[in-house]
1. On the given criteria, is GLU137 at pLDDT below 95, assigned to a helix (DSSP H, G or I) and surrounded by fewer than 12 Cβ atoms within 10 Å (Cβ to Cβ)?
2. Checking TYR120 against (1) in a strand (DSSP E or B); (2) in contact with a helix residue (DSSP H, G or I) (Cβ under 7 Å, 6 or more places away or on another chain); (3) among the aromatic types (Phe, Trp, Tyr), which test does it fail?
3. Which residues, counting only those in the range 26-51, are of a type outside the set (Val, Ile, Thr) and buried (at least 18 other Cβ atoms within 10 Å of the Cβ)?
4. GLU23 versus (1) in a strand (DSSP E or B); (2) within 24 Å of the chain's Cα centre (by Cα); (3) surrounded by 13 or more Cβ atoms within 10 Å (Cβ to Cβ): which is the lone unmet condition?
5. Out of the residues in the range 72-98 that are outside any strand (DSSP E or B) and touching a residue at least 12 places away in the same chain (Cβ under 8 Å), which is surrounded by the most Cβ atoms within 10 Å (Cβ to Cβ)?
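The values are calculated or read from the model by the stated rules, or taken from the named source; none is laboratory data. All figures in this text were calculated on a predicted structure; none of them were measured in a lab. Glycine gets a Cβ as well: all are built from the backbone with ideal geometry, and neighbour counts include every protein chain shown.
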Amino acid sequence: MSKVDREYCLQFVGLKEGKHHFEYKINNTFFDDFNYQEFQNCDIQTNVVLIKKATHLELDIQIEGFINVECDLTLEYFDLPIKNAVSIVVKFGEDFDEIDENLIIIPAGSHEIDIKQYIYECIVLSIPQKRIHPGVEDGTLDSEILDKLDDLSTNKEIKEEENIDPRWEKLKNLLKD
């Protein structure tokens, strides 16, 4: 296991029962092992709380920060704020098994747990499918692509109105009344 991977292994043997806090600063190098290149840059603060109990462990992972992504409409890059949290219960059993996204079984003799995959999933699941520059929503972004989209949508509406069959025009008046 590389040094980078060891950084995300939480050794729970030797820790007292109770809460233990861990912090990680995530940047682009974190995503190299996953071959994930959906954004240009990132700055994400990760806080992990490990609650050690006699029979199991509880992990609370919280991420908050920014990723630099391309706007789906304008292709302009912008910093998108992200925030997410996940809670995982870790129990001890015979073999490693992920029952679901919130319950993991690890072998009884284990002394550490690698949380890198869970941090990765928490970050990736916080990224919205549709990424719109905030300037598009509030109208402050000046972009050639937006201007072109505006021109095309206006022309389309005018052409639709020109092609309306006069017989349907009477029905349109009913909607106005």
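1. When the stated conditions are applied, GLU137 passes them.
2. TYR120 satisfies all of (1) in a strand (DSSP E or B); (2) in contact with a helix residue (DSSP H, G or I) (Cβ under 7 Å, 6 or more places away or on another chain); (3) among the aromatic types (Phe, Trp, Tyr) except (1).
3. PHE30, PHE39, CYS42, LEU50
4. (3)
5. Within the range 72-98, the match that is surrounded by the most Cβ atoms within 10 Å (Cβ to Cβ) is THR74.
Residue by residue, here is whether (1) in the same structural domain as CYS71 (by TED's automatic domain parsing); (2) of a type outside the set (A, V, I, L, M, F, W, C); (3) in contact with a Leu (Cβ under 8 Å, 6 or more places away or on another chain) holds:
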| residue | (1), (2), (3) |
| --- | --- |
| PHE12 | yes, no, yes |
| LEU15 | yes, no, yes |
| TYR24 | yes, yes, no |
| PHE34 | yes, no, no |
| ASN47 | yes, yes, no |
